[in-house]
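Trainee: Here's a structure for you.
All of the numbers you see were taken from the coordinates with simple rules; none came from a lab. Note that this is a predicted model, so its numbers are computed, not measured. Reconstructed Cβ throughout: ideal geometry from the backbone, glycine too, with neighbour counts over all protein chains shown.
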Amino acid sequence: MTMCVTMVRHAHDYDYVHRVRDIEADTPARYNADPDRLFESSGCAGKLAVFAVRLDTFEAEKNQQVFYIGTNQPEVLTEIRRHILANFENLPVAGEYMHRDIYDIAEKYGKDTFLMIDKLGTDKMPFFFNLKGRTDAMLEKVKFFRPHFTDRAMQKFGHLFPSHLPPRMKNWRDKYEHHLLLKMAGDGVGEAKSWLVDYFKQAEGDFFVCTPEEGSKAFLHRFAAAGAAIRYQAVHSDEVEDILGVGYRSAA
């Protein structure tokens with residue numbers, strides 16, 4: 001008698017869709033150190049260096065669209081999130097939240113990061129961060145220079161360039177306190193647009209369909225926000241205490 005044992009192994013979170021749609025669950029859909037998602041090197045807490053991974057591959061969706069949503073009532077964004085996760089046939093590619101305050105901080109203190117990535121690409125960032133680290137380490141030994149010299153210099157450098165954000169984003173910043181960047185793909189584009197049009201006939205707020213440039217810059221602005229608060233602390237270290245940057249992301 002021959003016994004055949006088949007081990008089922010997955011190279012992606014195959015249960016993700018079901019879990020993220022469970023909007024009534026008592027537990028968050030995603031969080032760091034989730035024991036159900038950690039295994040071997042993925043749960044090593046940085047104690048191992050991983051040089052290669054094997055992942056399932058999926059065909060890239062060519063048709064993608066970013067919707068820029070604004071409201072002055074946070075409950076509106078909660079309704080949007082819950083409805084999309086529970087009722088849409090197509091889940092979003094991404095959903096990112098920004099408050100007006102962090103929008104302003106990122107616009108001023110994340111400008112140089114935005115411009116470097118927009119003009120030079122992400123592949124150049126490691127070089128500049130390494131150069132910045134070396135320069136800071138060297139200047140720390142020279143009493144003539146104030147702390148965070150490179151941050152202060154890069155901040156002044158960013159002021160030399162004109163405004164980098166699209167006009168419609170600025171208009172939404174003035175009108176609305178809470179912003180949601182919603183990226184859909186494939187059939188989800190039409191599904192989201194149709195529902196948002198109907199929804200904002202009665203809900204407080206509005207949305208616009210981004211051009212490719214607007215969509216790219218909206219998400220880049222959100223990315224720059226992650227380090228903008230740290231830059232603010234570095235530039236104003238004589239006035240404020242240390243700041244811990246915390247990111248918030250809609251489940252999508």
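Trainee: Taking only DSSP H segments of four or more residues, each worth -39500 (n - 2.57), what value at 222 nm results for the chain once the sum is divided by all its residues, to the nearest 500 deg cm²/dmol? Write down the numbers at each step before the final one.
Mentor: Numbers: 9 runs with 111 residues, N = 252.
So the helix-based figure for the chain works out to -14000 deg cm²/dmol.
Trainee: Rounded to whole Å, give me the distance from the Cα center of the stretch 134-150 to that of the stretch 67-84.
Mentor: Each part reduced to its Cα centre gives a spacing of 44 Å.
Trainee: Additional query: Summing +1 for each Lys or Arg and -1 for each Asp or Glu, what net charge is found among the other residues whose Cβ lies under 14 Å from the Cβ of S216?
Mentor: Neighbourhood net charge equals +1.
Trainee: Using a cut-off of 23 Å between alpha-carbon atoms, which lysines can reach K217, once sequence neighbours fewer than 8 places away in the same chain are excluded?
Mentor: By straight Cα distance, K217 reaches K62, K108, K111, K119, K124, K156, K170, K175, K183, K193.
Trainee: Sticking with this structure for a sec: Mind checking the dipole of the stretch 61-235: about its Cα centre, +1 per Lys or Arg Cβ, -1 per Asp or Glu Cβ, Debye to the nearest 20?
Mentor: For this selection, approximately 1000 debye.
Trainee: Let me ask something additional. Is the C-alpha gyration tensor of the stretch 9-58 telling us rounded, prolate or oblate? Criteria: a/c under 1.5 is rounded; beyond that, a/b larger than b/c is prolate, otherwise oblate.
Mentor: oblate
Trainee: So, in nm, how far is label S216 from label K143 when the simple model puts each one 7 Å beyond its Cα toward the Cβ?
Mentor: 5.0 nm
Trainee: What does the charge count around D104 come to, taking other residues whose C-beta lies under 12 Å from its C-beta (Lys +1, Arg +1, Asp -1, Glu -1)?
Mentor: Numbers: positive: R100, K108, K111, K170, R173; negative: D101, E107, D174, E177.
My count for the surroundings of D104 gives +1.
Trainee: Let me ask you something else. Quick check: from the Cα gyration tensor, does the chain come out rounded (a/c under 1.5), prolate or oblate?
Mentor: Details: a/c = 2.06, a/b = 1.21, b/c = 1.70.
Oblate.
Trainee: How large is the dipole of the stretch 9-58 about the Cα centre if only Lys and Arg carry +1 and Asp and Glu carry -1, each at its Cβ, rounded to the nearest 20 debye? Numbers along the way, then the final one.
Mentor: On the way: 7 positive and 9 negative charges, 58 e Å.
Its charge dipole is roughly 280 debye.
Trainee: At 0.36 nm per residue, and after removing the present C-alpha to C-alpha distance, how many nm does the segment from D136 to H12 gain when stretched out fully?
Mentor: Length difference between fully extended and current span is 40.7 nm.
Trainee: Which net charge results for the neighbourhood of L77, defined as the other residues with beta-carbon distances under 12 angstrom from its beta-carbon, given Lys and Arg at +1 and Asp and Glu at -1?
Mentor: After counting each charged neighbour, the total is -3.
Trainee: If you don't mind, another one. Using 18 Å as the cut-off for backbone N distance, which residues of the stretch 80-108 belong to the label zone defined by a point 7 Å from the Cα of D198 along Cα→Cβ?
Mentor: The answer is 80-92, whose backbone nitrogens lie closer than 18 Å to the label point.
Trainee: Still on this structure, I have one more. Taking the dipole about the Cα centre of the stretch 61-235, with the C-beta of Lys and Arg at +1 and of Asp and Glu at -1, give me whichever of P147, G70, M98 is farthest to the positive side.
Mentor: In the stretch 61-235, that residue is P147.
Trainee: Continuing with the same structure: Please turn the phi angles of the stretch 75-81 into ³J(HN,Hα) values with the Karplus equation 6.51 cos²θ - 1.76 cosθ + 1.60 (θ = phi - 60°), one per residue in order, whole Hz, x for glycine and proline.
Mentor: Result, ordered by residue: 4, 5, 5, 5, 4, 4, 4 Hz.
Trainee: If a/c stays under 1.5 just call it rounded; otherwise compare a/b with b/c (prolate if a/b is bigger, oblate if not). Do that for the stretch 1-136, with a ≥ b ≥ c from the square roots of the Cα gyration tensor eigenvalues.
Mentor: Values: a/c = 2.07, a/b = 1.21, b/c = 1.71.
It is oblate, given that a/c is not under 1.5 and a/b is not larger than b/c.
Trainee: So, one more: Evaluate E = 1/(1 + (r/R0)^6) for N171 and H83, where r is the Cβ-Cβ distance and R0 equals 22 Å; express this FRET efficiency to the nearest 0.05. All intermediate terms of the calculation are to be shown ahead of the outcome.
Mentor: Values: r = 26 Å, r/R0 = 1.16.
It comes out at approximately 0.30.
Trainee: For the pair A94 and E24, how long in nm is the line joining their label points, each one 7 Å along Cα→Cβ?
Mentor: 3.2 nm
Trainee: Below 8 Å, C-alpha to C-alpha, sequence gap of six or more: please give me the relative contact order for the chain in percent.
Mentor: 37 percent
Trainee: Hey, fewest Cβ within 10 Å first, where do T122, T113, T150 land in order?
Mentor: Working: T122 10, T113 23, T150 18.
The order, fewest Cβ neighbours first, is T122, T150, T113.
Trainee: Now for a separate question. If I take R0 = 30 Å and measure r between the Cβ atoms of R37 and F208 in this structure, what FRET efficiency does the formula 1/(1 + (r/R0)^6) give, to the nearest 0.05?
Mentor: Efficiency for this residue pair is about 0.25.
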